[in-house]
1. How many of the residues in the stretch 162-190 are more than 12 Å from ligand 1 (Cβ to nearest atom), in contact with a Pro (Cβ under 8 Å, 6 or more places away or on another chain) and of a type outside the set (A, V, I, L, M)?
2. Let me confirm something: among LEU115, LEU149, LEU111, LEU81, which residue is buried (at least 19 other Cβ atoms within 10 Å of the Cβ) and either polar (S, T, N, Q) or more than 20 Å from ILE22 (Cα to Cα) (or both)?
3. Against the condition open to solvent by 40 Å² or more (accessible area, probe 1.4 Å) and at pLDDT 95 or above, how does GLN170 come out, does it pass?
4. Under 6 Å by Cβ, and 6 or more places apart or on different chains, what pairs join a residue from the stretch 310-326 that is farther than 15 Å from VAL262 by Cβ with one that is modelled with pLDDT of 90 or more and of a type in the set (Ser, Thr, Tyr)?
5. Specify the residue that is nearest to TYR79 (Cα to Cα); the eligible residues are those in the stretch 222-242 that are open to solvent by 10 Å² or more (accessible area, probe 1.4 Å) and part of a loop (DSSP other than H, G, I, E, B).
6. Which one of these does THR210 not meet: (1) open to solvent by 30 Å² or more (accessible area, probe 1.4 Å); (2) at pLDDT 95 or above; (3) over 25 Å from ASN80 (Cα atoms)?
7. Only residues that are more than 16 Å from GLY17 (Cβ to Cβ) and of a type in the set (Lys, Arg): list them for the stretch 152-178, please.
Amino acid sequence: MPFMTTDYLPGRMIVTGGAGFIGSHLCERLLADGKEVLCVDNFYTGTRSNIAHLLADTRFELLRHDVTFPLYVEADGIYNLACPASPVHYQFDPVQTTKTSVIGAINMLGLAKRLRVPVLQASTSEVYGDPAVHPQPESYWGNVNPIGLRSCYDEGKRCAETLFFDYRRQHKVQVKVIRIFNTYGPRMHPADGRVVSNFIMQALKNEPITLYGDGAQTRSFCYVDDLVDGMVRMMATPDEVTGPINLGNPSEFTVKELALLVKDLTGSRSEFEHKPLPQDDPRQRKPDIGQASAVLKWAPRTPLKEGLARTIAYFEDLMKQGAAPVA
Ligand code: NAD
Ligand code: UDP
């Protein structure tokens, strides 16, 4: 049992980006907590198959909608996750990525303001850029290139955070900002180019595992169920808790260590193949989760090996079905 429940928010939660990887798990969790869920998604990177198992539940509603356009609905709280999250996806149409973060935030904040309900922003560790401070506390302002290939995502998310805190100061909107660190699990898109999905798919096909650079860069990987629990706890906090609060797993691994673990768990015959490091690729990343621990009484519980085994099982199933999920 979580130490706080969302029960004080009686009704219906909006989850933008609800058909995506994290969003679909959040929808599931909210339904399990007794909530009604309005999933709002334009299927840019999310898929119907991610939420197909929820459609029969009468408390679940799906709305195809782009958050860059205003939304007029009623709800008791908003989780704003809509935004492509993997570098391959957010760099495909960078202008749209910034629009989704910034205009999407304005629209969801406007909705929260009209409805007088809390709104949670899925921000990101990318606001720290290539961090000069390690591990990253929320007080660190970051080291972000404003004009690079990752900027559409990083700066879009930074601007969204600015909007959240200005709506708080100017309009008293109940805002909750979390900064999510690398999260993985079932329903990641197999072709999203992220390191966990890439390595698992490559290992399962016995294809070369692509290490960008020397593989010595670090990331800290959080299993999706742990993250979702932190999100629900954040939404259940009193009005004065605004964040930003880091949510992630502080166990830090090099990309090479991850590759070796995936290879081991899959029993793969894959070799390693070195490829150039992408522009502005952060050298290190690890959350300081002191605030999440103190304020939310939250800590991730799933060890990487265990979470990877579940994720590998998901991708194995997907391969048996012979198809990637389709929107
Ligand atoms: P995802 O790509 O699987 O999900 C994003 C969802 O948003 C998709 O369903 C997509 O179709 C939808 N979407 C995109 N643009 C939209 C628009 N204009 N209108 C409506 N829907 C739109 O990514 P994810 O990994 O589930 O990430 C969810 C959120 O968490 C994102 O905001 C992301 O920035 C944030 N986040 C994720 C991670 C991670 O490691 N996965 C890390 C930090 C932050
Ligand atoms: N990476 C890699 N091989 C891949 C995909 C990614 O070595 O096939 C590296 C990438 O350069 C980065 C890390 O893995 O250093 C995490 O990449 P991802 O795209 O998953 O997330 P982000 O860089 O946004 O943290």
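The values are calculated or read from the model by the stated rules, or taken from the named source; none is laboratory data. These numbers were taken from a predicted model, which means no experiment stands behind them. Reconstructed Cβ throughout: ideal geometry from the backbone, glycine too, with neighbour counts over all protein chains shown. Heavy atoms of the whole protein, side chains included, go into the accessibility calculation; ligands, DNA and RNA do not. Shrake-Rupley method; radii C 1.70, N 1.55, O 1.52, S 1.80 Å.
1. Qualifying residue count for the region: 2.
2. Numbers: LEU115 fails: buried (at least 19 other Cβ atoms within 10 Å of the Cβ); LEU149 fails: buried (at least 19 other Cβ atoms within 10 Å of the Cβ); LEU81 fails: either polar (S, T, N, Q) or more than 20 Å from ILE22 (Cα to Cα) (or both).
Matching residue, one of LEU115, LEU149, LEU111, LEU81: LEU111.
3. Yes; evaluated as a whole, the condition is true for this residue.
4. Filtered contacts from the stretch 310-326: PRO325/THR47; PRO325/SER49.
5. Ranking the candidates gives ALA236 first.
6. (1)
7. Selection gives ARG158, ARG168, ARG169, LYS172.
Here's the yes/no breakdown for (1) open to solvent by 20 Å² or more (accessible area, probe 1.4 Å); (2) near ligand 2 (Cβ under 9 Å from one of its atoms); (3) modelled with pLDDT under 95:
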{"site": "ALA191", "(1), (2), (3)": "yes, no, yes"}
{"site": "VAL196", "(1), (2), (3)": "no, yes, no"}
{"site": "PHE199", "(1), (2), (3)": "no, yes, no"}
{"site": "GLN202", "(1), (2), (3)": "yes, yes, no"}
